[in-house]
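The values are calculated or read from the model by the stated rules, or taken from the named source; none is laboratory data. Everything numeric here is computed off the predicted structure, so don't read it as measured data. With ideal geometry, Cβ positions are generated from the backbone for all residues, glycine too; neighbour counts draw on all protein chains shown. Quick note on the areas: whole protein, heavy atoms, side chains included, nothing else; ligands and nucleic acids left out. Shrake-Rupley method; radii C 1.70, N 1.55, O 1.52, S 1.80 Å.
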Amino acid sequence: MFNKIIVQTVRRLFIAVWVPGAFLLAGCNPGTPDQEAVRSFVTTGNATALSASEFNALTPEQQYAVANKLYATFYRGIPVDEFFDIQAEGSMTNLVRRQPNFLADTRQALNRNLSPDARLSLKQEIGLFSDDTPIYGDDDLFQFTTNRNANTTTLPRQIPLAQIVEFPISRDLYIEWMTYFLANTIMFSPALEMESTDAKDATFVYNFLRNNIRNGVTVQNTVRAFLGTQSRWRVSRSAENHALEAYELYLGLFDTEEDSRKGGIACRDWKLTSESEQYQMMRSGEPNTEYQRILDNYYVRDCADLYNVIVSHPLFIPRVTEVISNYFFAEMDAATRQNFVRDVVAANPQTFEDIFTAILFSREYLLNSERPMWFEENFFGTLHRLRWSVDRNQGNLGGRVLRELTEYSWSPLYMRNMGNATMEYKIGRTPNVPMDAMSFSSQTKAMREQVLVNNQNGWRGGDYSNNTKGFRGLLYDTAARENTPGELSTVRRPEVVQMTAAEFVDYLFMSSLRRRATDDEQSALIDLMRNEDDGDGLNLFYTNDLGVLTLRPNNNWVINDATQVVFDYVSRLPEFYYHRSVSAGGV
C-alpha cells in the first residue's frame, strides 16, 4: 500500500507540476521568423525535403506541375507566364524558368511576415477592418454575408478564404491556411452540424488556432489549452465522452471504454448545460476527490490532470502528425504513410508550422503523392493560374464568390453539395475527398460550367466598366485608346499573338491541366479548330504566309472561342481533378 501511495504521489507531481512547467517554458517568447532566426527543423528518411538539385533535374513541364501542386495545396496557383519567360517567339516550345531558386524562395516567403501596415492595407482592400469584421463598403473586393447574427452567420467560413486567396505568398497567408486546414480536421472542427454548436464556436476556434500558430505556441500547449474550452466541450458534450474523444482524437486510441469512464469521473466537476440554457460550460459542483488510473500507467484526479496526460503521452505527436499527413497521402498505402509520419516525428516537431512545412516540401508529397484535390485547391488554384481578377467579374466569380461557396445553397459552387462544407462536420473533413456520385458531379459541374467554359470574363482580361478599368488576364490586356485620353481598349496579349496553334494549345493545357497536350490531343483539337477545305473545321486557326498554323488575326473572339474548345475538353478529364504523381509518370 505504501509503495502504491508513493507511485501515485510521484505520478501526480510529474503530471501536474513538471509537465505544465515544461510547456510554459517551451511556449515562452516564441518570437517570429522576422524577429529571430528560424528554428532548425530538418527531416530525413521518407520525410526528406525535395532538394533544389532534384527539382532542377525535372523537365520544365514537371517543374511547373510540382510548383502548382505546392501552390494549389494552399489555394493558390502560378500562371504560366510568371513561372516561365514566354515573351520571346517560340518560348512556349523551349520553356525557361524565371525563378532559379523556386523552392527556397517559396519556403523563405512562407517564413516572412507582412509588415503591420501592409497587412492592414490588404485587409482593407479585401473589405475587412483590422479585427476581421467586414467593412461592407462599395469598393471592397469581397461581398461578405449580410447575416450578422453571431450564432448563425457564415462569416467564419468566408473571412479565412478571403485572406488566403488575396494575401501574397507570406507567413500571413500560411498561417491563415494552416488555421483553416486544422479547423476542418477532426482535432479542431467546431462541428457546426451539431445543435450544441454555433457560429461563435467557429469564430473562437479559428481565432484561437490562428493566434497560437502565429505566436509559435507548441502543439502540446495548443491542444492542452483547447481541450478545456467551451467550444471543445460543446462537441464532446459530456465528461465521459470528453475523455473518450481526447483519447481518440489526440492519441489514436479507440478501445478505451474503461479509461473513458475513469476520465469522465476525473472531469465530472465540469458539465455542459442543456439546450434551454444554450449549452454553456459550467462547474457541476461535484469535484472528484479520488485518483483514477487511466491508460495503464497514469493517475488523474481532475480534468487538468487528464489534459496533461494527453499532451505528454508518447502517442500524442505521432497521432497529430498522422491526422494531418493522412490528408496529403490519403491514396498511399498504410506502410508509406506510417514511415513518413515516423520520420517527421523523429525530427522532433514542436509547432504545427513544423509539421505542415515538413509535409508540403517533402519529396514524398511533391513527387510521389497522388490524390483527388479538395475543391478549394482546384477552384482557387485554377483561377489563379488563369489570372483571375475577383474585382473584374460581377457574377459567380466576382465579389460574391465566397457567399456562393459557403452560403447560397442554390449556387453551383456551394461546397456542402460536394461533401466539402467548411467547419461543418463533427469528425472534420475525411482525409479522402468525397468521390460519391453526388459530391463529385457537383464538383465537376462547378469547375466545368463556372470556371472553365463559362464566366471567362473573370480571367480572360481586357477592359471593362465603360472602358475605364481593365486587367491583364490569360488572353487579353488593355491599351490606351488612341485619341481618347483616359479610356482603354482590349488587346490580345503579345505573348499570345506570336504563338503557333500548337503553342497556344499547350499554353491553355499548362494553364489549366499543368501539362502540355499530348500529340494525339494536339492533332485532334487543332483539326477541329482549323480552316478545313471541306468546311468542317471551326475556322479558328489558319496557315499564315510563312506556312505556320496560327490563330486568325484581327478577331479577339477567335482566341476566346479556341480557349472554350480546349477548356471544354480539359474539364472532362479525370486528371484535372487530381494532384498527380511526377515520379510515376503522371506528368
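Some notes on this structure:
- When Gln338 is tested against (1) buried (at least 20 other Cβ atoms within 10 Å of the Cβ); (2) part of a helix (DSSP H, G or I); (3) not hydrophobic (A, V, I, L, M, F, W, C), exactly one condition is not met: (1).
- Of all residue pairs spaced 6 or more apart or on separate chains, those with beta-carbon atoms under 6 Å, a first member in region 430-441 that is polar (S, T, N, Q) and a second member that is part of a helix (DSSP H, G or I) and surrounded by 12 or more Cβ atoms within 10 Å (Cβ to Cβ) are Ser439/Met418.
- Hits in region 54-87 - residues which are more than 28 Å from Thr179 (Cβ to Cβ) and either open to solvent by 30 Å² or more (accessible area, probe 1.4 Å) or of a type in the set (A, V, I, L, M) (or both): Glu54, Asn56, Ala57, Leu58, Thr59, Pro60, Glu61, Gln62, Val80, Asp85, Ile86, Gln87
- Among the residues of region 243-253, not a single one is in contact with a Leu (Cβ under 6 Å, 6 or more places away or on another chain), among the hydroxyl-bearing types (Ser, Thr, Tyr), assigned to a loop (DSSP other than H, G, I, E, B) and touching a residue at least 60 places away in the same chain (Cβ under 8 Å).
- Residues of region 142-156 that are among the hydrophobic types (A, V, I, L, M, F, W, C) and open to solvent by 30 Å² or more (accessible area, probe 1.4 Å): Ala150 alone.
- Residues located in region 268-283, provided they are assigned to a strand (DSSP E or B) and surrounded by 12 or more Cβ atoms within 10 Å (Cβ to Cβ): Trp270, Lys271, Leu272, Met281, Met282
- Residue in region 506-517 that is outside any loop (DSSP other than H, G, I, E, B) and open to solvent by 40 Å² or more (accessible area, probe 1.4 Å) present: no
- Considered as a group, the residues in region 267-283 that are without any contact (Cβ under 8 Å) to a residue 40 or more places away in the chain and hydroxyl-bearing (Ser, Thr, Tyr) include one that is farthest from His313 (Cα to Cα), and that residue is Ser276.
- Each residue in region 463-494 was checked for being in contact (Cβ under 8 Å) with a residue 40 or more places away in the chain, surrounded by 20 or more Cβ atoms within 10 Å (Cβ to Cβ) and either farther than 13 Å from Trp388 by Cβ or β-branched (Val, Ile, Thr) (or both), and 2 pass.
- All positions within region 495-505 that are out of contact with any Asp or Glu (no Cβ under 9 Å at 6 or more places or on another chain) and either surrounded by fewer than 19 Cβ atoms within 10 Å (Cβ to Cβ) or not β-branched (Val, Ile, Thr) (or both): Val497, Ala501, Ala502, Glu503, Phe504
- Gln99 meets each of the listed conditions (1) more than 30 Å from Asp201 (Cα to Cα); (2) of a type in the set (S, T, N, Q); (3) in a loop (DSSP other than H, G, I, E, B); (4) in contact (Cβ under 8 Å) with a residue 60 or more places away in the chain apart from (4).
- Residue among Glu290, Glu331, Glu286 that is over 24 Å from Arg210 (Cα atoms), modelled with pLDDT of 95 or more, open to solvent by 30 Å² or more (accessible area, probe 1.4 Å) and of a type in the set (D, E, K, R): Glu290
- Scan of region 208-267 for residues that are among the aliphatic types (A, V, I, L, M), surrounded by fewer than 24 Cβ atoms within 10 Å (Cβ to Cβ) and touching a strand residue (DSSP E or B) at 6+ places or on another chain (Cβ under 6 Å), ordered by number: Ile265
- Condition met for Phe379 (in contact with an Asp or Glu (Cβ under 9 Å, 6 or more places away or on another chain), open to solvent by less than 10 Å² (accessible area, probe 1.4 Å) and touching a residue at least 24 places away in the same chain (Cβ under 8 Å)): no
- Complete set of residues in region 88-107 that are more than 19 Å from the chain's Cα centre (by Cα) and crowded, with 18+ Cβ neighbours inside 10 Å: Met92, Leu95, Phe102
- Put simply, of Ile164, Ile175, Ile159 the only residue that is surrounded by 20 or more Cβ atoms within 10 Å (Cβ to Cβ), within 26 Å of Asp391 (Cα to Cα), out of contact with any helix residue (DSSP H, G or I) (no Cβ under 6 Å at 6 or more places or on another chain) and of a type outside the set (Gly, Ala, Ser) is Ile159.
- Among the residues of region 109-131, those that are open to solvent by less than 90 Å² (accessible area, probe 1.4 Å), in a loop (DSSP other than H, G, I, E, B) and either in contact with a His (Cβ under 9 Å, 6 or more places away or on another chain) or touching a residue at least 40 places away in the same chain (Cβ under 8 Å) (or both) comprise Asn111, Asn113, Leu114.
- Looking only at region 422-442, and only at residues there that are small (Gly, Ala, Ser) and surrounded by 15 or more Cβ atoms within 10 Å (Cβ to Cβ), the one that is farthest from Met373 (Cα to Cα): Gly428
- Of all residues in region 539-561, those that are open to solvent by 30 Å² or more (accessible area, probe 1.4 Å) and at negative phi total 13.
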